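The values are calculated or read from the model by the stated rules, or taken from the named source; none is laboratory data. If you're wondering where the values come from, they're calculated on a predicted model, not measured in any experiment. Quick reminder, even Gly has a Cβ in these numbers, built from the backbone with ideal geometry, and neighbours come from all protein chains shown.
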Amino acid sequence: MVKFNDHVDESILVCVYYGPNGERLIKRGHILAQLINCPMYVLTVDPLPLDEFDAEKAEYIDRWKELCEELEVDEFILMDNESRPAVKVIKEVAYSHHVTQIVIGQTPINRWEEITKGSFVSALQREISSFIDLHIVSVDRSIKSNSDTQYEKGVRGFLQYTEEGYELSFTRSKRNEYEGIFYKEIGTDFNNGVFKFVCKGITSQVHIDDNKVREEITQPPNMDKE
């Protein structure tokens, strides 16, 4: 149910994009919405259509929706298959919902850089009205594994089979055999890290060393190749 403040009309929009920090931003926005007793909306923008989301992105979407229901957020807005810059979409949603405050996350290299060029914050400030306050929440770009190795935010990738074994690729091709998420180790100039993928409903991961898979990829049990 939409909430209204008795003293001033306020409305909050939280923008999240791909990664574990989305929950933190939603919770931060919820605290702010409770303090001023106003409606809150959560927005995510993606250039891909929903049916092309990888398993990990789809899992984030489901978790954000669940969290929004738990916190009684007024609306979770998914703008998929978007060719427009994210700042244009945010501006449109903010104006249509009479938003007065926007909450976004910013990493050392902005998390929205995949769909915009330059500084996302500066671009958004140029788009939105001076009557909209912008709250920038510092978030952590890296994730940690059980061994405490730090990785950058995951990016979509593929594994191609060559005469020398499987290799990492970031280009769509008929030669791709697996699609998943690549987590690059922080502090390396080479593509070293972990590649996670789902095959026949089974989640697997392999280590990548300079673009190459350094271990055997086994098919799920009882799976016959055609």
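Each residue in region 116-161 was checked for being modelled with pLDDT of 85 or more and over 26 Å from L32 (Cα atoms), and 7 of them qualify.
Scanning region 177-218 for residues that are at pLDDT 85 or above, assigned to a loop (DSSP other than H, G, I, E, B) and at positive phi gives D210, N211. Out of R84, R28, R63, one residue alone is assigned by TED's automatic domain parsing to the domain that holds F120 and touching a residue at least 60 places away in the same chain (Cβ under 8 Å). It is R28. Candidates are the residues of region 197-207 that are touching a strand residue (DSSP E or B) at 6+ places or on another chain (Cβ under 9 Å) and surrounded by fewer than 18 Cβ atoms within 10 Å (Cβ to Cβ); the one that is farthest from E52 (Cα to Cα) is H207.
Determine whether K174 is exposed (fewer than 10 other Cβ atoms within 10 Å of the Cβ), at pLDDT 85 or above, among the charged types (D, E, K, R) and at negative phi.
Working: exposed (fewer than 10 other Cβ atoms within 10 Å of the Cβ): yes; at pLDDT 85 or above: yes; among the charged types (D, E, K, R): yes; at negative phi: yes.
Yes; evaluated as a whole, the condition is true for this residue.
The residues of region 177-196 include none that are over 20 Å from the mean Cα position of the chain (by Cα), under 21 Å from E59 (Cα atoms) and surrounded by fewer than 18 Cβ atoms within 10 Å (Cβ to Cβ). Of all residues in region 27-78, exactly one satisfies the criterion of being hydroxyl-bearing (S, T, Y) and more than 19 Å from K153 (Cβ to Cβ), namely Y41. Residues that are surrounded by fewer than 20 Cβ atoms within 10 Å (Cβ to Cβ) and touching a strand residue (DSSP E or B) at 6+ places or on another chain (Cβ under 6 Å) were ranked within region 151-164; the one that is farthest from L48 (Cα to Cα) is Y161.
Do we have I61 as assigned to a helix (DSSP H, G or I) and closer than 26 Å to Y151 by Cβ here?
yes
The residue that is modelled with the lowest pLDDT, among those in region 76-115 that are surrounded by fewer than 16 Cβ atoms within 10 Å (Cβ to Cβ) and among the hydroxyl-bearing types (S, T, Y), is S83.
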